[in-house]
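Engineer: This is the structure, below, for whatever I ask next.
The values are calculated or read from the model by the stated rules, or taken from the named source; none is laboratory data. Here the structure is a predicted model, which is why all the values come from computation and not from measurement. FYI the Cβ positions are ideal-geometry reconstructions off the backbone, even for glycines, and counts take in every protein chain you see. Accessible surface is based on the protein model in full, side chains and every heavy atom, while ligands, DNA and RNA are left aside. Shrake-Rupley method; radii C 1.70, N 1.55, O 1.52, S 1.80 Å.
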Amino acid sequence: MKIALWIIQGLLAAIFLFAGGIKLVTPMEEMMKQMPLPLPGWFVLFTGVVEVLGAIGVILPWLVGTRPGLTPLAAAGLGIVMIGATVYTFAAGDVASALIPLLVGILAAFVAYGRWRLTPQRG
């Protein structure tokens with residue numbers, strides 16, 4: 001179980017570092033051309049920052065052993081982001097493509113649940 005969680009955490013970190021990084025480095029005009037439904041520019045930038053921080057949060061706290069309880073919280077936050085992405089993609093009329101953020105959200109929920117169960121309890 002621990003190996004599966006680490007593999008999925010690495011995959012999630014790679015996905016969100018890439019997706020968030022693209023949102024942060026691509027010029028806003030180019031990003032807006034790719035959006036099927038209009039979104040404010042600040043929201044796209046905010047989402048990019050959240051995705052990059054979530055990617056770091058899903059790996060680093062558990063890896064270094066400092067505040068490991070932040071890892072399941074980061075994974076849960078990324079799951080919430082993926083709920084929004086699924087709804088947005090579905091609302092844009094691309095039902096088949098909505099399965100991708102849905103699957104990534106399920107993986108994030110799996111990490112959140114798995115790491116929450118494995119987080120050492122202090123007390």
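Engineer: Has segment 25-47 got at least one residue that is assigned to a helix (DSSP H, G or I), open to solvent by 90 Å² or more (accessible area, probe 1.4 Å) and among the aliphatic types (A, V, I, L, M)?
Structural biologist: yes
Engineer: Here are Pro27, Pro61: which of them is in contact with a Ser or Thr (Cβ under 7 Å, 6 or more places away or on another chain) and either farther than 14 Å from Ala13 by Cβ or at pLDDT 90 or above (or both)?
Structural biologist: Residue meeting the stated conditions: Pro61.
Engineer: May I pose another question? Filter segment 1-24 for residues that are open to solvent by 70 Å² or more (accessible area, probe 1.4 Å) and under 20 Å from Val50 (Cα atoms) and give the result.
Structural biologist: If the condition is that a residue be open to solvent by 70 Å² or more (accessible area, probe 1.4 Å) and under 20 Å from Val50 (Cα atoms), then Leu11, Leu17, Phe18, Leu24 are the ones that fit.
Engineer: How many residues are more than 16 Å from Ala19 (Cα to Cα), polar (S, T, N, Q) and surrounded by fewer than 20 Cβ atoms within 10 Å (Cβ to Cβ) when one looks only at segment 55-106?
Structural biologist: 1
Engineer: State whether one or more residues within segment 13-24 are of a type in the set (A, V, I, L, M) and within 19 Å of Arg117 (Cβ to Cβ).
Structural biologist: Among the residues of segment 13-24, not one is of a type in the set (A, V, I, L, M) and within 19 Å of Arg117 (Cβ to Cβ), which makes the answer no.
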